[in-house]
1. Could you calculate, for the range 1-53, the ratio of the Cα radius of gyration to the Kirkwood radius, expressed as Rg to Rh?
2. Applying the Karplus parametrisation 6.51 cos²θ - 1.76 cosθ + 1.60 with θ = phi - 60° to the phi angles of the range 33-49, what ³J(HN,Hα) value in whole Hz is obtained for each residue in order, glycine and proline being reported as x?
3. At a 1.4 Å probe radius, carbon and sulfur cover how many percent of the accessible area of the chain?
4. Divide by every residue of the chain the summed helix terms, -39500 (n - 2.57) for each DSSP H run of at least 4, and state the resulting mean residue ellipticity at 222 nm, rounded to the nearest 500 deg cm²/dmol.
5. Fully extended, how many nm does the chain gain between ASP30 and GLU12 (0.36 nm per residue separation, minus their Cα-Cα distance)?
6. Per residue, what accessible area does the chain have, given a 1.4 Å probe and all protein chains present, in Å²?
7. If you average the C-alpha positions of the range 1-72 and of the range 109-123 separately, how far apart do those two centres end up, in angstrom?
8. Per the Debye formula with a single identical scatterer at each Cα and no solvent contribution, what log10 I(q)/I(0) holds for the chain at q = 0.11, 0.14, 0.16 Å⁻¹?
Amino acid sequence: MLDVTLSIDSKEVHAMSVHGPWTAPPTDTDETLRQAEIIAKHIKGLDDQPFILAGDFNMPPGSKVIETISSVCKNLTEGIGGQTLNLNIHKFGRDGFFVDHIFASYYFKLNSVEVLNEDVSDHLPVVSTLEF
């Protein structure tokens, strides 16, 4: 996980990116759960500072990994359905895995979130519009 602190309107905002380990199919493991606990602990340690956390978690909704992170912040991609693996490139894309997620602190209001059908990598881009 990377955590960059930005200054927006004199307020510090954390922009965090994650790339989780891949298992085929995506499965909770001791290692993925260990990493999710580290991420959740880091979020708790931000002491109510605003943040956005996004990336390829390589875990589907409903997994213990995603539930662990969702327990400490807002899951902006919860319930949107579909898949984020690119059918044209990713060898497991046909299986319908949604493994890319966006989370945020409660400072942000979600206006929209969608998965774009664009060939930018082996994953489809997940785009959201937020109000701060």
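The values are calculated or read from the model by the stated rules, or taken from the named source; none is laboratory data. Owing to the predicted nature of the structure, the values given are computational and were not obtained by experimental measurement. Ideal geometry is used to build each Cβ from the backbone, glycine not excepted, and the neighbour counts take in all protein chains shown. Heads up: the accessible areas ignore ligands, DNA and RNA and are worked out on the full protein's heavy atoms, side chains in. Shrake-Rupley method; radii C 1.70, N 1.55, O 1.52, S 1.80 Å.
1. Details: Rg = 13.5 Å, Rh = 12.5 Å.
Value, to two decimals: 1.08.
2. Once θ is set to phi - 60°, the couplings for the range 33-49 become 5, 4, 5, 4, 5, 5, 5, 4, 5, 4, 4, 4, x, 6, 6, 6, 7 Hz.
3. The value for the chain is 51 percent carbon and sulfur by accessible area.
4. Computed mean residue ellipticity for the chain: -5000 deg cm²/dmol.
5. 3.2 nm
6. 56
7. 18
8. Listed by q, the Debye log ratios stand at -0.38, -0.61, -0.79.
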